[in-house]
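To start, the structure under review is shown below, and the notes come after it.
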Amino acid sequence: MSKRIGFAGLGLMGGRMARNLLKKGFPLTVWNRSQERCAPLAREGAKVAATPRELAERSDVVVACVADPAAVERLVFAEDGLLSGVRPGFRYLECSTVDPGTTRRVQAALRERGGDALEAPVTGSKNGAENGTLLFMTGGEQAVHDELLPVMMAMGTKAIRCGTMGQGSTVKLIGNSIISLMLQTLCEGIVVGRRAGVSIETILEVVTASGYSSPYFTFKGNAIARRDFEEHFAIDLLVKDQTLMLQQAAALKVPLPGLAAVREVFQSARAQGFGREDICAVIKTLERAAGETA
Ligand code: NA7
């Protein structure tokens, strides 16, 4: 018998991940803060829970993909939160990108009630969520990882166990710091290239054919060349992750001069109104800084 799955958080990523669980035949119940977002999945066969508590009561496993630590706080610990529906054997799969402290606190609370949690933040962006090709970075017990692997593999193609609870979130924050600096340097290069009369196509041709290459440069470079800033991963959410990474590093007394500087550029992009655009829209902030008006 398939486990009964509950899904909390039907945003850009979560809605697509939940649909893949439904397509793979898992009995699915959904909850979202704004209930209207449940309607498309309800039409495709999902049940709708009125509260996270009801979601937990109706499910063996709840998968969460919500925005940030405040959203996890509301989902799990509020009066009608899922914690009040947890009983022995219950499992919680945290796919949101949050800080290690939050995932550890959630795990401890679930364990007090006989349940357990696995953190499993994802990479692969909107297309990976849509196509079921996400990669999961897990933290938690190996046995819980193994138990929840079939659920993860309905939404993705690979799950790497990074260690105990908190270490999966740490790896995810490191990954998003890497893409922050990669995107920053790509955008800086494109702006300088344009000023020097070198086209973005030429830059990308050399990058792709050389040791400079990364699929990430191809993906984001091509979007910038088309001036396509439609959200795959929002600037608001990347700044949330940059901030969580800086906070974790500060707690560990580790300086992050590169990320600290780059975060301010993305913060400027939010101030200029690009927060809900894709992270590659940060180039518009760099163009403005260089005196371009477009
Ligand atoms: P989206 O598309 O911004 O979706 C965010 C989801 O989180 C959406 O369902 C929101 O509900 C929900 N949310 C946001 N704040 C809260 C609070 N306070 N309480 C409950 N639910 C909340 O993000 P993505 O799908 O791109 O990303 C989701 C996660 O994966 C995030 O951690 C990324 O960094 C990676 P709403 O519909 O607004 O009511």
Inset, instruction - Taking every Cα atom in the range 1-102, find the radius of gyration and the maximum pairwise distance Dmax, and write them in Å. - result: 12.3, 37
Inset, instruction - Under a cut-off of 17 Å between alpha-carbon atoms, report the lysines in cross-link reach of residue 172, not counting same-chain residues fewer than 8 places apart. - result: 126, 158, 240
Inset, instruction - Consider just the alpha-carbon atoms of the range 167-218 and return their Rg together with their Dmax, both in angstrom. - result: 13.3, 45
Legend entry - Most mobile of 143, 109, 56 in a GNM of the chain (Cα contacts under 10 Å): 143
Legend entry - Residues in the range 172-187 reached by a label modelled at residue 287 [backbone nitrogen below 13 Å; 7 Å Cα→Cβ]: 187
Inset, instruction - Quick one, can you get me the convex hull of the C-alpha atoms of the chain expressed as volume per residue in Å³? - result: 139 Å³
Legend entry - Simple label model, 7 Å out from Cα along Cβ direction - residue 272 to residue 201, nm: 2.5 nm
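Read-outs throughout are calculated quantities, based only on the coordinates presented, and are distinct from any laboratory measurement. Just so you know, these numbers come straight off a predicted model, no measurement behind them. Neighbour counts run over all protein chains shown; Cβ positions are idealised from the backbone, glycine included.
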